[in-house]
Amino acid sequence: MVDKKEQQNIELIFSGINNNNEIIPILTEGNEFDLAAKDIPENLPILPLKNTVLFPGVFLPITVGREKSLTLVNEVSKGDKFLGTLTQINGNVDDPEGKELYTIGTVAKILKVLKMPNGSTSVMIQGLKRFKITEYTASEPYLMAKVKLCKEIIPEQKSDDFKAVIGSVKDLSAKIAQYSKSMADSGFVIKNIENPSSLINIVSSSLDLKVKEKQLLLEKNDLYERGLNVVSLLAREVQFFELKKDIQSKVKVNLDQQQREYLLNQQMKTIQNELGGNPVDQEIDKLQEKGKTKKWSKEVSDYFEKETAKLHRVNAASGEYSIQYSYCQTLLELPWNEYTEDNFDLHHVEEILDKNHYGLEKIKERILEHLAVLKLKKDMKAPILCLYGPPGVGKTSLGKSVADALGRKYVRMSLGGLHDESEIRGHRKTYIGAMPGRIIQDIKKAKSSNPVFVLDEIDKVSNDFHGDPASALLEVLDPEQNSAFHDNYLEVDYDLSRVLFIATANTLNTIAPALRDRLELIEISGYITEEKMEIAKRHLIAKQLKNNGLKNDDIVFSDNILKYIIDNYTRESGVRELDKTISKICRKIAKDVAYGNNFHKKLSLEDIRKYLGAVRYTREMYEGNEYLGVVTGLAWTAMGGEILFIEASQCKGKGHLTLTGNLGDVMKESAMIAFEYIKSHTRELDITPSFFEKHDYHIHVPEGAIPKDGPSAGVTMTTSLASVITGRKVRKSIAMTGEITLIGKVLPIGGVKEKILAAKRAGIKEILLPSENKKDIEEIKDIYLKGLTFRYVDKVSEVLDYALLKK
């Protein structure tokens, strides 16, 4: 039995270490019990233990269920109450034999046998002394064996090494006790155990170890070695608990923060609901309600719902929320499948176009053709028109007139200097400050998916390391592709096929070939003086009077005054500079009106010189044929057509040719070809071949500050050189243009209409043109050709025969 002193010994419970709750280790003072071999029965009953190991000095409650074990307990409890406990090698065996048990175990004493209410039997046993099996003597009715007590090697307690081991066991056990509330008092208990053997046994029993590891501790005869092993195992347990505590603390911090935010958000929602609802949820609900009214496809509708659902999962105070909200708002504001109704009254459209623009018959005819087909077919894809011509001829303003005539919204996008592809396609919304491309932005502003969209200055698009905007425009301006235009920001395709794109350009040379191929090109040439006068009377004067606060009858511009202004104060193919000049006159008169000064309502030449100052431009007028080697040529510029004088001279020398006048490479080559042609046709021109070896020649084009280039001055240079070499003057009032070859062919040129207008302004009466340009003349209205005579040539010899007068 357990005496009073033993009962008062402190119980050490390591329930936090050992998950096996049936182990209740209790420590008694003293070394392993002074149990001699004579005290043990000759044949010791053996009780097999499952999944546990009994150490000397430890009390262990066990539940007995096997028949052999019940028989053993009943008989031993009536006698001396000694038995031997051996742990099973395999805990799953129900009826183990001797070979299935470890050979070293513990002699135990039965302290109490209890019959439980559920019919099972519980036994409290106490470990006394370790033993080793020498021989099994019986297997029925239970195992019996002869045993030999194991001698324990106990080192000197004064040894420093052993003291260190015992101290480590106490310290580590106390640390483990700190990690469990059920072990809060264990640290104090362990510190007060003085017996080394008892301390090591109780700690060994309480450690959460595998059965095999505990059995190895039991089999150690040397208490010092067993202590070292216990220290190692305790250190492992401490490390495990510290790591577990560290992980739990980190998780707790995260959970505490999340719980705090959750509680604050819940409180905020409660307050907001009391005040009328959560404004964030209300915003999202409004988006979703508006989405239900849109005319978008099911695919876009599902996509929008998915994107708005993301808003519920994002903190409204985060930057991500504002980005996502702006994106959903952009999707919502786009006019998906929303179109304005076209006005198919072709007479009305024609009337509007004629009212707003004088001339421009080709473009008006093309617009009417498109409307006629659209009226019949209903779903025709819009063409991509490109109006090209000099500045100020009404290309951009024509787009506004087309929109008014059709009843569509009007959008204008300037492409001048555009060098970033993202300006067309937009940025991906993951970037900070991302936004749709300008195409989608302008569609959103128009609030219609079929506006008239003017792409202004498409010839001035550039590219750099940011990408090539011209390539991005390929998709926009291709009727076969723009029905599914992809903007990087939207991430869903948008239909641009109903948009009427009108591009404008001053020249086609700088437009990428692939882009030019997608455009329907319509040339808008410059205006003659009569047309400019008509445009001024119909539009410009009335506009500037209104802009400057004047009444219609405050100023009268006569035809002579308008012609004088156009000839002396403007130099352009269009009417932009004329508009500015009229505006300047109106401002001067508005000042007189404001001051109360007298002024002439009907403007005179003196009034014009007073308001505009000295004449700004002197037109290149035909200078006559008084001089040898002076020939009038025709040139094309971005500002329209101009006449060009080619001058040639000769002097004594060695046959050298000098070129001046800021000429480009192509024009220099034309001069060389002209010189070589004349040298190779001396017989036809009645020139002595040796004549060239005794003279030098000089070709000059006046206005040397202005760069000049192009092949169309070839016939003019040839005629100029031939005139000075042969001494034959050039026919009066004649101008010419055309490219030449080395064998004397005359090739066609461009800009015919602009050159004709320039010749007419300069007082030219007759023009020599390549024969292949006759078709261009046939397309020009008679009003432009009035007063001009055309002669078509195929060879340089024809030019010289006609243009040079006989001596």
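Hey, among the residues in the range 553-576 that are open to solvent by less than 10 Å² (accessible area, probe 1.4 Å) and either modelled with pLDDT of 90 or more or not in a loop (DSSP other than H, G, I, E, B) (or both), which one's farthest from Ala542 (Cα to Cα)?
Tyr569
Spot the failing condition for Gln481; the list is (1) buried (at least 23 other Cβ atoms within 10 Å of the Cβ); (2) out of contact with any strand residue (DSSP E or B) (no Cβ under 8 Å at 6 or more places or on another chain); (3) under 26 Å from Val300 (Cα atoms), and only one is missed.
So the condition that Gln481 fails would be (1).
Among the residues of the range 56-65, write down those that are open to solvent by less than 50 Å² (accessible area, probe 1.4 Å) and not aromatic (Phe, Trp, Tyr).
Those that are open to solvent by less than 50 Å² (accessible area, probe 1.4 Å) and not aromatic (Phe, Trp, Tyr): Pro56, Gly57, Val58, Leu60, Pro61, Ile62, Val64.
Filter the range 671-688 for residues that are open to solvent by less than 20 Å² (accessible area, probe 1.4 Å) and either farther than 20 Å from Leu628 by Cα or among the aromatic types (Phe, Trp, Tyr) (or both) and give the result.
Phe675, Tyr677
Can you name every residue in the range 206-227 that is assigned to a helix (DSSP H, G or I), in contact with a helix residue (DSSP H, G or I) (Cβ under 8 Å, 6 or more places away or on another chain) and open to solvent by less than 80 Å² (accessible area, probe 1.4 Å)?
The answer is Glu213, Lys214, Leu217, Leu218, Leu223, Tyr224, Arg226, Gly227.
Confirm whether Glu626 is modelled with pLDDT under 85, within 30 Å of Thr719 (Cα to Cα), in contact with a strand residue (DSSP E or B) (Cβ under 9 Å, 6 or more places away or on another chain) and open to solvent by 40 Å² or more (accessible area, probe 1.4 Å).
no
Within the set of pairs 6 or more residues apart or between chains, which connect a residue that is on the phi < 0 side of the Ramachandran plot inside the range 656-685 to a residue that is exposed (fewer than 13 other Cβ atoms within 10 Å of the Cβ) and at pLDDT 90 or above with Cβ atoms less than 6 Å apart?
Ile673/Leu742
Could you pull out the residue among Glu739, Glu778, Glu772 that is surrounded by fewer than 24 Cβ atoms within 10 Å (Cβ to Cβ) and without any contact (Cβ under 8 Å) to a residue 24 or more places away in the chain? Break it down stepwise before answering.
Details: Glu739 fails: without any contact (Cβ under 8 Å) to a residue 24 or more places away in the chain; Glu772 fails: without any contact (Cβ under 8 Å) to a residue 24 or more places away in the chain.
Being surrounded by fewer than 24 Cβ atoms within 10 Å (Cβ to Cβ) and without any contact (Cβ under 8 Å) to a residue 24 or more places away in the chain holds for just one of Glu739, Glu778, Glu772, which is Glu778.
Limited to the range 523-552, what total is found for residues that are part of a loop (DSSP other than H, G, I, E, B), within 23 Å of Leu387 (Cβ to Cβ) and aliphatic (A, V, I, L, M)? Write out each step before concluding.
If we filter the range 523-552 for residues that are part of a loop (DSSP other than H, G, I, E, B), which is where we start, we get 524-528, 548-552.
When the remaining residues are screened for being within 23 Å of Leu387 (Cβ to Cβ), the result is 524-528.
Checking the rest, the ones that are also aliphatic (A, V, I, L, M) come to 524, 528.
Counting residues in the range 523-552 that are part of a loop (DSSP other than H, G, I, E, B), within 23 Å of Leu387 (Cβ to Cβ) and aliphatic (A, V, I, L, M) gives 2.
When Arg616 is evaluated against the numbered criteria (1) surrounded by fewer than 19 Cβ atoms within 10 Å (Cβ to Cβ); (2) modelled with pLDDT of 85 or more; (3) touching a helix residue (DSSP H, G or I) at 6+ places or on another chain (Cβ under 8 Å), which criterion, by number, is the only one it fails?
(2)
Hey, can you tell me all the residues within the range 625-669 that are within 20 Å of Ala705 (Cα to Cα), among the polar types (S, T, N, Q) and in contact with a helix residue (DSSP H, G or I) (Cβ under 9 Å, 6 or more places away or on another chain)?
Passing the criteria: Thr632, Thr637.
Across the range 355-369, which residue is farthest from Tyr388 (Cα to Cα) among those that are free of Cβ contacts under 8 Å to residues at least 40 places away in the same chain and surrounded by 15 or more Cβ atoms within 10 Å (Cβ to Cβ)?
Looking at residues that are free of Cβ contacts under 8 Å to residues at least 40 places away in the same chain and surrounded by 15 or more Cβ atoms within 10 Å (Cβ to Cβ), I get Leu368.
Being at pLDDT below 85 and not in a loop (DSSP other than H, G, I, E, B) is the requirement here; does Glu703 meet it?
no
Every residue in the range 577-602 that is closer than 13 Å to Ala536 by Cα and open to solvent by 60 Å² or more (accessible area, probe 1.4 Å), please.
Lys580 - this is the single residue of the range 577-602 that is closer than 13 Å to Ala536 by Cα and open to solvent by 60 Å² or more (accessible area, probe 1.4 Å).
Looking at (1) more than 30 Å from Met435 (Cα to Cα); (2) open to solvent by 70 Å² or more (accessible area, probe 1.4 Å), which is the one condition that is false for Glu333?
(1)
If you check Lys81, Lys68, which single one turns out to be open to solvent by 30 Å² or more (accessible area, probe 1.4 Å), at pLDDT below 85 and farther than 14 Å from Ser122 by Cα? Reasoning before the result, please.
Values: Lys68 fails: at pLDDT below 85.
Just one listed residue meets the conditions, Lys81.
Looking at (1) closer than 30 Å to Asn568 by Cβ; (2) at pLDDT below 90; (3) open to solvent by 10 Å² or more (accessible area, probe 1.4 Å); (4) not acidic (Asp, Glu), can you tell me which one Thr789 breaks?
(2)
Among the candidates Leu508, Leu477, single out the residue that is among the aliphatic types (A, V, I, L, M), closer than 30 Å to Leu332 by Cβ and in contact with a Lys or Arg (Cβ under 7 Å, 6 or more places away or on another chain).
Residue meeting the stated conditions: Leu477.
Kindly indicate which of Val476, Val461, Val454 is modelled with pLDDT of 90 or more and either of a type in the set (Val, Ile, Thr) or more than 15 Å from the chain's Cα centre (by Cα) (or both).
Of Val476, Val461, Val454, the one residue that is modelled with pLDDT of 90 or more and either of a type in the set (Val, Ile, Thr) or more than 15 Å from the chain's Cα centre (by Cα) (or both) is Val454.
When you scan the range 283-304, how many residues do you find that are polar (S, T, N, Q), open to solvent by less than 80 Å² (accessible area, probe 1.4 Å) and part of a helix (DSSP H, G or I)?
Of the residues in the range 283-304, 2 are polar (S, T, N, Q), open to solvent by less than 80 Å² (accessible area, probe 1.4 Å) and part of a helix (DSSP H, G or I).
In the range 251-282, which residues are open to solvent by 90 Å² or more (accessible area, probe 1.4 Å), outside any helix (DSSP H, G or I) and either at pLDDT 75 or above or in contact with a Lys or Arg (Cβ under 8 Å, 6 or more places away or on another chain) (or both)?
none
Among Phe645, Phe691, which is the only one that is surrounded by fewer than 22 Cβ atoms within 10 Å (Cβ to Cβ) and part of a strand (DSSP E or B)?
Step by step, each of Phe645, Phe691 is checked, and only Phe645 is surrounded by fewer than 22 Cβ atoms within 10 Å (Cβ to Cβ) and part of a strand (DSSP E or B).
Sort out which residues of the range 489-520 are β-branched (Val, Ile, Thr) and either open to solvent by 40 Å² or more (accessible area, probe 1.4 Å) or in a loop (DSSP other than H, G, I, E, B) (or both), and write them in order of number.
If the condition is that a residue be β-branched (Val, Ile, Thr) and either open to solvent by 40 Å² or more (accessible area, probe 1.4 Å) or in a loop (DSSP other than H, G, I, E, B) (or both), then Val492, Val499, Thr507, Thr510, Ile511 are the ones that fit.
Among the numbered conditions (1) open to solvent by less than 10 Å² (accessible area, probe 1.4 Å); (2) outside any helix (DSSP H, G or I), tell me where Ala403 comes up short.
Condition not satisfied by Ala403: (2).
In the range 84-137, which residue that is closer than 20 Å to Lys210 by Cβ and among the hydrophobic types (A, V, I, L, M, F, W, C) is modelled with the lowest pLDDT? Break it down stepwise before answering.
Applying the first criterion (closer than 20 Å to Lys210 by Cβ) to the range 84-137 yields 85-93, 96, 100-106, 127, 130.
From what's left, among the hydrophobic types (A, V, I, L, M, F, W, C): 86, 89, 93, 101, 104.
Values: Leu86: 92, Ile89: 89, Val93: 86, Leu101: 91, Ile104: 91.
Going through the qualifying residues, I end up with Val93.
With respect to the numbered conditions (1) closer than 30 Å to Leu500 by Cα; (2) at pLDDT 85 or above, which one is the sole condition not fulfilled by Lys306?
Single failed check for Lys306: (1).
Which residues, taken from the range 523-534, are at pLDDT 85 or above and under 22 Å from Glu779 (Cβ atoms)?
Across the range 523-534, the qualifying residues are Lys532, Glu534.
The values are calculated or read from the model by the stated rules, or taken from the named source; none is laboratory data. Since this is a predicted model, take the numbers as computed values, not measurements. Cβ: placed from backbone, ideal geometry, glycine included. Neighbour counts: every protein chain shown. For accessibility, only protein heavy atoms count, side chains too; no ligands or nucleic acids. Shrake-Rupley method; radii C 1.70, N 1.55, O 1.52, S 1.80 Å.
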